[in-house]
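A quick write-up on the structure given underneath.
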Amino acid sequence: MPRQAFVNGRYVPHGSAAVHIEDRGYQFADGVYEVVPVVQGALIDEAPHLDRLERSLCELRIAMPMTRQALKLVSRELIRRNRLSRGFLYMQITRGVAPRDHKFPEGAKPALVMITRQMKPQSHQALTEGVGVISIPDLRWNRCDIKSVSLLPNVLGKQEAVEAGAYEAWMVDPQGRVTEGTSTNAWIVTQDNELVTRDASTSILNGITRLRLLDLIRRDGITVSERAFSIEEARQAREAFITSSSNFVMPVTRIDGQPVGNGHPGLLTGKLREAYLGFVEGQEESA
Ligand code: PDD
């Protein structure tokens, strides 16, 4: 069976899947999305991803296009049809199709697109040597907690990182404090061994990997501070890492070309990655 997508109520071949040119997602970025990791065919942390999707929709006053239960059934069917073992489920919901006009259209039905994609194995080199990040100004709006498809500053930031030979860009607010990566959350271990990640607010996307890791950390009795940290503090840190649905926990060993700590992935970073992978394994078994 060729790769399939789910578009507005129908399973269609991925290669010819299409939405209308007056979909408001296309014209106004008037929509939201979620990326859920799939490991051994199991959706990892599906419930909090769906909670965040519902929250993003609610903030934008877009209705769920189908019930949560139906969304879960379609997710599983798409994974089955695509024989997806390790990868992602991508869901996008927009305000729908309507003649172009900024104000909310009357009677438009929310549009839903779902696709799956295989995950490339994580780079051994990146995991053993760590990756580099650059710092850039955070040019985004004031509601970064909504997982909106409006990602232009993130796209430009990631491209800048790639062109600088780095893996990710950490965005810095006007007060000189790191908000997050362009598609990841940012963490450091300070000189005083304080594990820090920015507190969840409208300035960052509250990552599901971030939330899960916070839970695992606290269960392990490790102390963690949710607070803003400056890019200067990050440069002086002992360890740094990023979290996301596609990276899980990835060590950061260079910031703006300078080594973090001794320039090698940190011990605590390694321990937290193992803890997260252990959690993922548990989800596979219970799926
Ligand atoms: N990115 N911050 C931003 C700006 C993100 O886009 C993401 C996720 C995260 C991490 O969130 P989570 O742990 O829930 O994946 C933080 C996804 C993977 C993406 O855009 O592809």
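A few points about this structure:
- The modelled label-to-label distance for the pair GLN27/PHE104, using points 7 Å beyond Cα in the direction of Cβ, is 1.7 nm.
- Kirkwood hydrodynamic radius (C-alpha pairs) into Stokes-Einstein, region 13-132, 25 °C and 0.890 mPa s, D in µm²/s: 155 µm²/s
- Here the relative contact order of the chain, from alpha carbon pairs under 8 Å that lie six or more residues apart, stands at 18 percent.
- Beyond 22 Å in Cα-Cα separation lie the following of the pairs LYS103/LYS147; LYS147/LYS271; LYS158/LYS271: LYS147/LYS271; LYS158/LYS271.
- The value of relative contact order for region 1-44, using C-alpha pairs under 8 Å at least six residues apart, is 19 percent.
- Helical content of the chain, expressed as a calculated mean residue ellipticity at 222 nm, amounts to -9500 deg cm²/dmol (DSSP H runs of 4 or more residues, -39,500 (n - 2.57) each, divided by residue number, nearest 500).
- The chain: antiparallel DSSP beta bridges as a percent of all, rounded to 5: 80 percent
- Relative contact order of region 124-286, pairs being alpha-carbon contacts under 8 Å that are 6 or more residues apart, as %: 25 percent
- The chain: proportion of alpha-carbon pairs further apart than 25 angstrom, %: 50 percent
- Whole-Å distance, taken between Cα centres, linking region 118-172 and region 1-77: 23 Å
- Label positions at THR223 and ARG81, each projected 7 Å from the Cα along the C-beta direction, are separated by 5.2 nm.
- Selection among GLN92, THR202, GLY282 by position relative to the dipole of the chain gives GLN92 as farthest towards the positive end (Cβ unit charges, Cα centre).
- Stretched out straight at 0.36 nm per residue, the stretch from GLU59 to HIS264 would grow longer than its current Cα-Cα span by 69.7 nm.
- Once the Cα-Cα distance is subtracted from the 0.36 nm per residue extended length, the LYS120 to GLU285 segment shows a gain of 57.2 nm.
- When the square roots of the Cα gyration tensor eigenvalues are ordered a ≥ b ≥ c, the ratio a/c for region 124-286 is under 1.5, which makes its shape rounded.
- Positive contributions from Lys and Arg (+1) and negative ones from Asp and Glu (-1), summed over other residues with Cβ under 14 Å from the Cβ of VAL19, come out at +1.
- Order by protection proxy (mean Cβ within 10 Å, highest first), peptides 99-109, 245-255: 245-255, 99-109
- Accessible area (Å², per residue) of the chain, counting only protein heavy atoms and a probe of 1.4 Å: 49 Å²
- Qualifying chymotrypsin sites (Phe, Trp or Tyr not before Pro) in region 107-215, where qualification requires a DSSP coil assignment and no more than 13 other C-beta atoms within 10 Å, comprise TRP141.
- Share of alpha-carbon pairs per 10 Å distance bin for region 1-69, given as whole %: 16, 39, 39, 6
- Axis of helix 208-219 versus longest Cα principal axis of the chain: the two differ by about 50°, to the nearest ten degrees.
- Rg/Rg_ref, region 138-207, where Rg_ref = 2.2 N^0.38 Å and atoms are Cα: 1.12
- Of the accessible area of region 124-286, computed with a 1.4 Å probe over protein heavy atoms only, carbon and sulfur atoms account for 50 percent.
The values are calculated or read from the model by the stated rules, or taken from the named source; none is laboratory data. Everything numeric here is computed off the predicted structure, so don't read it as measured data. Using ideal geometry, Cβ is built from the backbone for each residue, glycine included, and neighbour counts are taken over all protein chains shown. Note: areas computed on protein heavy atoms with side chains; ligands, DNA, RNA excluded. Shrake-Rupley method; radii C 1.70, N 1.55, O 1.52, S 1.80 Å.
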